[in-house]
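Colleague: Starting off with a structure, shown below.
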């Protein structure tokens with residue numbers, strides 16, 4: 001009887017393991033996973049999920065809208081034209097990341113590291129950048145309308161042509177206009 005029980009447990013473990021491997025396989029293509037719940041997604045053969053270590057990854061044009069990517073490491077990653085609208089990137093490392101023309105509207109970038117990030121022509125409207133490090137970031141023609149920048153570090157960043165209309169500035173005041 002004991003051998004029978006061990007065999008059943010072993011069989012169950014194999015079955016669960018096989019299901020997990022099949023779930024993780026993905027197609028190596030553009031987007032698989034739990035998009036509605038913001039779970040992991042496989043893009044260009046990379047598993048993109050919360051806490052993932054993906055420095056230097058090429059995710060140009062990727063659709064990561066609504067994704068749960070808390071504490072992900074995308075330092076030096078290419079996210080040119082990526083859709084990260086509504087994504088949760090709180091605590092993310094985007095040091096030196098290329099976010100040229102990326103859509104980050106409504107994204108949560110609370111305490112994210114965007115030091116020296118390229119945010120030229122990016123859309124960060126309605127984004128939560130509370131406590132984010134944007135020091136040295138390039139924000140030319142960046143849409144920051146209604147964004148929350150409370151406590152954010154904008155030192156040494158270039159934002160001369162950025163649109164801050166209605167944004168909450170690092171000192172907690174609403175942007176009054178140019």
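Every read-out reported here was derived from the displayed coordinates using simple, explicitly stated rules and does not represent laboratory data. In this text, all values refer to a predicted model and were calculated from it rather than measured experimentally. Glycine gets a Cβ as well: all are built from the backbone with ideal geometry, and neighbour counts include every protein chain shown.
Colleague: Give me Rg over Rh for region 50-160, both radii from the alpha carbons and Rh done the Kirkwood way, two decimal places.
Modeller: In region 50-160, Rg relative to Rh is 0.91.
Colleague: Can I ask one more? Based on the Cβ-Cβ distance from residue 58 to residue 171, what FRET efficiency comes out when R0 is 35 Å, to the nearest 0.05?
Modeller: 0.40
Colleague: Counting DSSP beta bridges in region 74-178, what percent are antiparallel, to the nearest 5?
Modeller: 5
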